[in-house]
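The values are calculated or read from the model by the stated rules, or taken from the named source; none is laboratory data. Nothing here was measured: the structure is a model prediction, and the numbers come from that model. Using ideal geometry, Cβ is built from the backbone for each residue, glycine included, and neighbour counts are taken over all protein chains shown.
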Amino acid sequence: YKQFGYFQDEDPNELIIDFLYYHRETLDAETVGAYFERNYLKMDEYLQLFDFQGDPLDVALRKFVSVCSLPGEARQIDRIMEKFAAKYITDYQKNDVNDDLSCDEVYIT
């Protein structure tokens, strides 16, 4: 596809991540989740597009899970939740630098 000018110099995986994020309201959450089951390493890029700043943990988690369903395997869920917790903490600390909420506390919750 690159030779026909569809991707030019952009990484096709980056285009897919952007497409999944910017069309998240219309795409089926299970389809998005299935993509990340096969492309787990791309989950970080996808999560970076979310803004959880100012969101309570339950709202942020609901915002994420409503557009990307979790896989059925416990190990995969565990890895995705670790990535979610890291992203949530990064956004949370921008909002309240005095709070000592840790990534582990988000992950356990």
For region 35-58, what are the residues that are assigned to a helix (DSSP H, G or I), under 17 Å from LEU70 (Cβ atoms) and touching a residue at least 12 places away in the same chain (Cβ under 8 Å)? TYR35, PHE36, GLU37, TYR40, LYS42, MET43, ASP44, TYR46, LEU47, LEU57
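Would you check if there is a residue in region 72-79 being over 10 Å from the mean Cα position of the chain (by Cα) and of a type in the set (S, T, N, Q)?
yes
Being at pLDDT below 70 and over 20 Å from ASP51 (Cβ atoms) narrows it down to one residue among ASP100, ASP96; which is it?
The match here is ASP100.
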Being exposed (fewer than 14 other Cβ atoms within 10 Å of the Cβ) and more than 15 Å from GLU37 (Cβ to Cβ) is the filter here; which residues of region 58-81 pass it? ASP58, VAL59, ARG62, SER66
